[in-house]
Amino acid sequence: MNSDFTLAVHSLTYLALQPDRMSTSDAISESAGVHPVRIRKVLSLLKRHGFIKSKEGTGGGFIFANELNEVNLWDIYRITSEGALQPKCPESSGQCIVGANMKGVLFSIFLGAEEHLGEYLKEYTIKEVIDLVHQK
């Protein structure tokens, strides 16, 4: 899984906790501890998929665009990290039964793992993430 997933969840949680006001990418990046350019890349992706809205200019920024219980972590994973579990296999010898088949075998196994991960991540919405943040 890449950092875009964690930054997207962080950003959405941050925005969801401030439903009545716009937040800047600088404020979100400070909260996440990363450079604002990294956050802007993730925010752009979230906006493109309808998770957030933005307004440019003075008083502008980003705001959560959905109901808290409508966005689950699988939704976020799919746009930031889908396929991340696929194994990186070198070109193997087609002359060997192992070399000729290992990539396909591992791909099938990890595709199944990603499906299981998806079922698990669907159980957590941004609302649950917020609840967990408040418990810590």
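Could you work out how far the C-alpha centroid of the stretch 1-55 sits from that of the stretch 61-136, in angstrom?
About 20 Å separates the Cα centre of the stretch 1-55 from the one of the stretch 61-136.
Using only Cα atoms, tell me the angle between helix 3-16 and the longest principal axis of the chain; keep it within 0 to 90° and round to the nearest 10.
Orientation of helix 3-16: about 30 degrees from the principal axis.
For a quick check: sort K88, K127 by the number of other beta carbons within 10 angstrom, fewest at the front.
Details: K88 6, K127 16.
With the fewest neighbours first, K88, K127 line up as K88, K127.
Aspartates and glutamates within cross-link reach of K47: Cα-Cα under 19 Å, excluding same-chain residues under 8 positions apart?
Counting by Cα, and skipping residues close in sequence, K47 has these aspartates and glutamates nearby: D4, D20, D26, E56, E67, E70, D75, E82.
Cross-link candidates for K103: which lysines have Cα within less than 25 Å, leaving aside residues fewer than 8 places away along the same chain?
K88
Can you return the lysines within cross-link range of K136? Criterion is Cα-Cα under 16 Å, with same-chain partners fewer than 8 residues away left out.
K127
Would you indicate which of [x] 0.95; [y] 1.11; [z] 0.92 is the value of Rg/Rh (Cα atoms, Kirkwood Rh) derived from the coordinates of this structure?
Checked against the structure: label [y].
Excluding S29 itself, what net charge comes from residues whose Cβ is under 9 Å from its Cβ, given Lys and Arg +1 and Asp and Glu -1?
Numbers: positive: R38, R40; negative: D26, E30.
Overall, the nearby charge balance is 0.
No value in this document is a laboratory result; all are computed from the given coordinates. Everything numeric in this text was worked out from a predicted model, so none of it was measured. All Cβ positions, even for glycine, are placed from backbone atoms using ideal geometry, and neighbour counts span all protein chains on display.
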